[in-house]
Amino acid sequence: MRLISGYISREVFYSISIALLVIVGLDAVTAVIDETDAIRNNYNFSDVLIYVSITIPSRVHEYIPVATLIGCLFGLGQLANNSELIVMRAAGISVFRIVIFVLRPVLVFILVGIFLGEYIAPYLDQLANGQRQYLRKGESTLDSASGLWIREGAQFMHFNAVFPGGVLFGVARYNFSDDKRISEASFASRATYNSAEGYWVEENVSITRFHADHTEVDKKLTRIWLSELSPQLLLVNALSADRLSMSTLFYYIDFLKQQGARASVYELAFWKKLNQPLVILGLVMLGISFVFGPLRNSAMGSKIFVGVLVGVVFNIFQDMIGPTSIVMGFSPLFAVMTPALMCIAAGLYLLRRER
């Protein structure tokens, strides 16, 4: 039994790996083509390749659910086409025992997805985006159409590039008086966060103060900047919600609730990440049930086509019901779990029919 378990697990693991490699590879090629439109200044084609390469862990994390579905269909489909599954069933191995054998390599990819999404992908995504913006705009060019805008009280701030660990380039800050007139504008080529003291240090600062009848210009090599902004808060604003780690999302949801602000978008992203293992299990159960049921005698191309189709339909349904929960006001957790539970229920139903 141990040999059969290892054989099935090995076949499924290789199949998922190949599916993931192909999907991520195609997505990376598409990303390179799309990114060429952003080439300008010091950002050239070699930097495009570096940018896309750095974001590959994020792409792997995104496509693990679909890759596991296609990989399971492909791996089990190969065994079915070679009549190996029939021999196993004739030897007394139940369908649910084969399901357990299949789920073992799937759990490896679930753990890899959790590790990438929590520790690797957010950091590399911020690094890639920061490097991209820095090369496109540098330290001294203010491009209000891109970069990051932040408001803190009566102060508006714009950053050309945000790097991990609290490093900013192209820091423009605008202070407004109570009558909504600009009172001071400053620009620093760089700012770094002093985590021990809890403040920012700006470098090469140019300050313009606006008075009723004249302006005053001042320049400083360094300046201490006291702000409630932290590198973690900037990370939340620099990346989209679905690219943040669960710990960062949990921290920001709590922060928004303390401020009395809505956190529905971030709650949805948090529950999506937390329930990704359940989504993967649901898709795998559905894929296995197809191999033992409707697609038992189908060609390999048909199995892969159905896997891709189910993955696309699942993503569309999940992308529809998620924003609907924000608009209609029902629980994001319900919106995330419903598609996964539906897949698990459908898979179990089809498998029970084939017992």
Give all pairs with beta carbons closer than 6 Å in which a residue from the range 95-115 that is of a type in the set (Lys, Arg) meets a residue that is part of a helix (DSSP H, G or I); count only pairs at least 6 apart in sequence or on separate chains. Arg104/Ser9
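Residue by residue, here is whether (1) polar (S, T, N, Q); (2) within 14 Å of the chain's Cα centre (by Cα) holds:
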position	(1), (2)
Leu239	no, yes
Ser245	yes, yes
Asp254	no, no
Gln259	yes, no
Arg262	no, no
Ala269	no, yes
Gln276	yes, yes
Counting only residues that are farther than 20 Å from Ala121 by Cα, among the basic types (Lys, Arg) and either surrounded by 12 or more Cβ atoms within 10 Å (Cβ to Cβ) or in contact with a Pro (Cβ under 7 Å, 6 or more places away or on another chain) (or both), the range 215-265 contains a total of 3
Residue check, Leu235 in the same structural domain as Gly170 (by TED's automatic domain parsing), in contact with a Ser or Thr (Cβ under 8 Å, 6 or more places away or on another chain), part of a helix (DSSP H, G or I) and closer than 30 Å to Ile321 by Cα: yes
Subset tally (residues that are over 13 Å from Phe292 (Cα atoms), outside any helix (DSSP H, G or I) and without any contact (Cβ under 8 Å) to a residue 24 or more places away in the chain) for the range 69-94: 3
Could you identify the single residue in Phe334, Phe330, Phe317 that is surrounded by fewer than 19 Cβ atoms within 10 Å (Cβ to Cβ) and not in a helix (DSSP H, G or I)? Phe330
State whether one or more residues within the range 163-179 are outside the structural domain of Arg59 (by TED's automatic domain parsing), assigned to a strand (DSSP E or B), at pLDDT 90 or above and closer than 30 Å to Ile64 by Cα. yes
Suppose the filter is in a helix (DSSP H, G or I) and assigned by TED's automatic domain parsing to the domain that holds Gly117; does Ile280 pass it? yes
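The values are calculated or read from the model by the stated rules, or taken from the named source; none is laboratory data. What you see is a predicted model; the values in this text were computed from it and never measured. Because the Cβ atoms are built from the backbone with ideal geometry, glycine has one as well, and the counts that use them run over all protein chains shown.
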